[in-house]
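Throughout, read-outs are computed from the coordinates displayed, never taken from laboratory work. Fair warning: this is a prediction, and the values are worked out from it, not measured in the lab. Cβ placement follows ideal geometry from the backbone for every residue including glycine, while neighbour counts extend to all protein chains displayed.
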Amino acid sequence: MAEQILLKALLQERHWQTYGTFRKEYDKAAKKVDPALQGGAPSRAQLHRWLSGEIKGLPYSDHCRVLEAMFPGKTAKELFSTNNGTDVPPPRRESDPASIAMPGMADVTAVFSSRAAFSSAYPAPALFDRATDIKAAGLSLNAICQSYPDHQLKRLLESGTHIKCLFLDPKGLAIQAREIEEEHVPGTLTTLTALNIGVMTRLRDRLDPEAAERLELRTYDETIRFNILIVDNARCIVQPYLPQARGVDSPTLVINDNTAADGLFPVFDQVFTSLWERSKSV
């Protein structure tokens, strides 16, 4: 096996390689070392530099103390040394095929030729029933607004789930351009999107104030390139919008966050964040 940083191998062996999981485990260890160190986990980019061997020497001493608590018996120097994989058991295979990265495809774990094929393999309840954080950006967001019951969304929000929905503005120019490109009767996509926004605003109106704050609705008016769904900051569903093709005919990528790999998750996470920051509230 090619040499790699021991820390990377250990994270993979324990299935702590997603950034969210790493940060949670880091905070657990930090609390034991010194409560003041909680919340001081490295950024996603910084962790990637650690795991790719791009840093010279060792991280700051506080980071070293926490890492040594995360991996008892290993010194910081050992964690940042290279190993040939012989002293670390190979990652355990999981029963969920979507959790196993496809060889040579970084953090892409599944590819489907259409949204219909994806929806068959990943029905909405399987995606959302236990979610604590849902972020969606696209056109009409049917996966949330049409494929998942209102009472289930209400249950999630009242139990603490945070949901962000970013719709293509039904009054904007970009949605009109998309209607022309897909050869729809004028108003087809604008009506559907306005309907879905109405579904979510009525839901928000039925929630208590605290739960209502956890449902954020926004719109943007830019050329649509991707439908992006991010669940629990760990799984990302990406569907590109193709020229002269309906959205339902788009191929679909399933991407599981893996900070131990140079993957696509942070790319599309940043795309969502950038669009959200430029959007306007509903």
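Summary of values
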item: Residue of 36, 76, 131 that the Gaussian network model of the chain assigns the largest fluctuation, springs spanning Cα pairs under 10 Å; result: 36
item: In segment 158-226, GluC sites (Glu not before Pro) in a DSSP loop with at most 10 other beta-carbon atoms within 10 Å; result: 183
item: The chain, dipole about Cα centre (Lys/Arg Cβ +1, Asp/Glu Cβ -1), debye to the nearest 20; result: 400
item: Long-range amide H partners of residue 18 with built H, under 5 Å; result: 259
item: Max mean-square fluctuation residue, GNM over the chain, Cα-Cα springs under 10 Å, options 72, 186, 240; result: 72
item: DSSP loop trypsin sites (Lys or Arg not before Pro) with at most 16 other Cβ within 10 Å: longest gap in the chain; result: 1-55
item: Alpha-carbon radius of gyration plus Dmax, which is the widest Cα pair, for segment 101-281 in Å; result: 15.9, 47
item: Segment 4-83: relative contact order as a whole-number percent, Cα under 8 Å and 6+ apart; result: 43
item: Other-chain or far-sequence residues with amide H under 5 Å of residue 134's (modelled H); result: 162, 163, 164, 232
item: In order through segment 214-222: 3J(HN,Hα) via Karplus (6.51 cos²θ - 1.76 cosθ + 1.60), integer Hz, x for Gly, Pro; result: 7, 10, 10, 10, 9, 10, 9, 10, 9
item: Length-normalised contact order for the chain - Cα pairs under 8 Å, 6+ apart - percent; result: 23
item: Length added when fully stretched, residue 262-residue 52, from 0.36 nm per residue minus Cα-Cα; result: 74.7 nm
item: Two-decimal Rg to Rh for segment 4-83 - Kirkwood Rh, Cα set; result: 0.91
item: Per-residue Cβ neighbour rank within 10 angstrom, fewest leading, 26, 148; result: 148, 26
